[in-house]
Amino acid sequence: MFLKLTRTTLSALLLAAALSVSLAAAQDLTVMTSGAFAAPTDHLTPGYQAATGNHVTIVHGASMGDTPTAIPTRLLRHEPGDVVILARSALDALVKQGLVVDGSQVDLVRSKIGMAVKAGAPVPDISTVEAFKQVLLNAKSIAYSDSASGVYIETRMYKDLGIEAQVAPKSKKIPGDPVGGVVAKGDAEIGFQQLSELKPVAGITIVGPIPEGVQLVTNFSAGITTSSQHKEAAAAFIQYMHSKAVCPTIVADALEPTACVPDKK
């Protein structure tokens with residue numbers, strides 16, 4: 001259970017955690033993050049470094065798939081890493097493989113799938129499942145990622161909508177690269193990826209999250225690798241990413257932080 005931290009006490013806590021690891025030298029951490037949590041990692045890591053004196057190297061990769069840059073592939077070839085942040089199902093698989101410490105998993109955010117079109121193109125109506133289904137049927141080409149959102153679209157969503165035979169032949173899985181970039185270049189009429197991954201891409205219009213009736217909300221979670229030589233500093237990094245103080249940044253990056261779940265009335 002993580003402590004509820006105020007902005008005032010957060011830096012002091014992190015500094016104490018860092019000092020408990022080593023009184024002599026700062027730690028060098030490597031953090032591997034999937035695209036869904038890439039923006040918060042990039043935006044928030046400088047605050048962790050300033051509070052602790054630790055240095056963080058950020059490595060990007062997909063939660064799933066077999067591309068050379070995918071996080072599971074990196075760990076299997078023994079690339080150095082201390083913290084991994086990826087889809088919870090993929091993280092749990094790494095625990096079973098003995099690559100991530102069991103019990104170190106922390107759910108950081110909930111993420112929704114978004115849809116985008118090229119900037120300047122007509123923005124279709126996807127306000128209902130039926131309207132969304134018609135957009136897919138009418139589209140000339142569709143792109144999705146090779147990670148969590150794309151696996152869901154390819155293996156479940158098309159089937160659930162009853163249109164797999166019509167849309168699968170005009171759909172393309174994009175390995176490793178941002179789907180938004182493919183849409184921006186005009187290589188696909190519409191594209192799907194986590195909203196937080198579409199948000200930073202220039203040259204596209206985000207139509208919105210896909211309808212709730214077919215939406216898949218994915219938990220993106222952090223864990224400590226079994227090979228890490230800096231497990232206490234890695235735990236402090238995860239705690240920082242799971243603190244209330246960083247929630248506004250995470251929300252601005254189109255994610256729902258689990259540390260700041262609204263109180264139920």
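The values are calculated or read from the model by the stated rules, or taken from the named source; none is laboratory data. Since the structure is predicted, the reported quantities are computational estimates derived from the model, not experimental observations. No Cβ is skipped: glycine too gets one built from the backbone with ideal geometry, and neighbour counts run over all protein chains shown. Keep in mind that these areas ignore ligands, DNA and RNA; they rest on the heavy atoms of the full protein, side chains included. Shrake-Rupley method; radii C 1.70, N 1.55, O 1.52, S 1.80 Å.
Here are some notes:
- Counting only DSSP beta bridges whose two residues both lie in the chain, roughly 60 percent are antiparallel.
- Computed with a 1.4 Å probe over protein heavy atoms only, the accessible area of Val217 comes to about 50 Å².
- Diffusion of segment 78-166 by Stokes-Einstein, at 37 °C in a medium of 0.692 mPa s and with Rh set to the Kirkwood radius over alpha-carbon pairs, works out to 204 µm²/s.
- Candidates Asp125, Asp82, Asp107, ranked by Gaussian network fluctuation over the chain, Cα under 10 Å, top entry: Asp125
- Using distinct alpha-carbon pairs, which all enter the 1/r mean, Kirkwood radius of the chain in Å: 19.2
- Once C-alpha pairs closer than 8 Å and six or more residues apart are averaged by separation and normalised to the residue number of the chain, the relative contact order reads 29 percent.
- Summing +1 for each Lys or Arg and -1 for each Asp or Glu among the other residues whose beta-carbon sits under 15 angstrom from that of Gly65 gives -1.
- When the listed pairs Lys96/Lys159; Lys140/Lys173; Lys118/Lys140; Lys133/Lys172 are checked against a 22 Å cut-off, the alpha-carbon distance exceeds it for Lys96/Lys159.
- Along principal axes, Cα extents of segment 86-232, largest first, whole Å: 51, 32, 25
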